[in-house]
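Down below is the structure, laid out as structure tokens.
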């Protein structure tokens, strides 16, 4: 696995522009890594590479928020979001996290084609009634990144609310984002209904893939409506082999690449040894 060695990072005037043009509390360390502040928490990004079997290379990275510890115990992501008890606080926290992820990813990544995968807190989808992704689009415009290079990961719990799933998918898609929906063990005909929303990617956990009794029809359904299959949380060689056999398009998991405070890439030669 290679680590990006791009040392340009955010030029001083660019970072000052971001700070002056937004209300986000951001700071940059000597290595060019960006962090933000929410209450007494310093928040930053970790990334996990996503490998494309079709392209035979890393095609993007999933971003996750982490709190940095200064002697105190670091908070988990769910503890961080629990600090935002009000909807307005949740909106501010979510926007801060996305700004941190976007600046870290696009200013520290040598590739200009890779996609950034970001998740959305389910409570945010309900509290924001319309214009999902508008504030993030404005921030991406500020740093010169198109929304088409961002994949919005819709949490599996939203699958239970079909109207909400339709609404947020349409909102994000109208702004040019790619959409990743989660397979959550729903009935097979639900996958056909999901196809009517035309997600770009359907994600399934490797453990669910291993347990599924009719994986071939499932994958065929996903591919029939033009979506790609991403198998995530791959932890073992057996799960990797199952993902390959299932004709998955994208692979993600600790077996291939762990969460790091860096932009790392999976080498195809490395993958063959698993």
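Values in this text are rule-based calculations from the coordinates and carry no lab data. Keep in mind it's a predicted model, so treat the numbers as computed, not measured. In this analysis, Cβ positions are derived from the backbone assuming ideal geometry, glycine residues included, and neighbour counts consider all displayed protein chains.
Values for this structure:
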quantity	calculated
Gain upon complete extension [residue 142, residue 193; 0.36 nm per residue less C-alpha separation]	14.7 nm
Using alpha-carbon coordinates, inclination of helix 12-21 to the longest axis of the chain, degrees	90 degrees
Additional length obtainable on full extension of the chain from residue 163 to residue 210, 0.36 nm per residue less Cα span	13.9 nm
Relative contact order for the chain, counting Cα pairs under 8 Å that sit 6 or more residues apart, in percent	22 percent
Sorted by Cβ neighbour density within 10 Å, fewest at the top, the residues 210, 191	210, 191
Spherically averaged projected area in nm², based on the convex hull that wraps the Cα atoms of region 122-274	10.0 nm²
Helix axis angle, 162-174 relative to the chain longest principal axis, alpha carbon, degrees	60 degrees
Calculated P(r) tail over 17 Å for region 124-208, as whole % of Cα pairs	47 percent
Label point distance in nm, residue 220-residue 129, each placed 7 Å from Cα along Cα→Cβ	4.5 nm
Shape call, region 197-274: gyration tensor on alpha carbons, a/c limit 1.5	prolate
Region 206-269 - percent relative contact order, Cα under 8 Å, separation 6 or more	32 percent
Relative counts (whole %) of C-alpha pair distances in the chain, using bins that are 10 Å wide	6, 29, 36, 23, 6, 0
Among beta bridges that DSSP assigns inside the chain, antiparallel share in %, nearest 5	55 percent
Interatomic Cα distance distribution for region 25-155, bins of 5 angstrom, percent	2, 10, 20, 23, 21, 14, 7, 3, 1
Gain on full stretching of the segment that runs from residue 112 to residue 29 - 0.36 nm per residue minus C-alpha separation	27.6 nm
Inter-label distance for residue 174 and residue 42, nm, one decimal - labels placed 7 Å from Cα along Cα-to-Cβ	4.1 nm
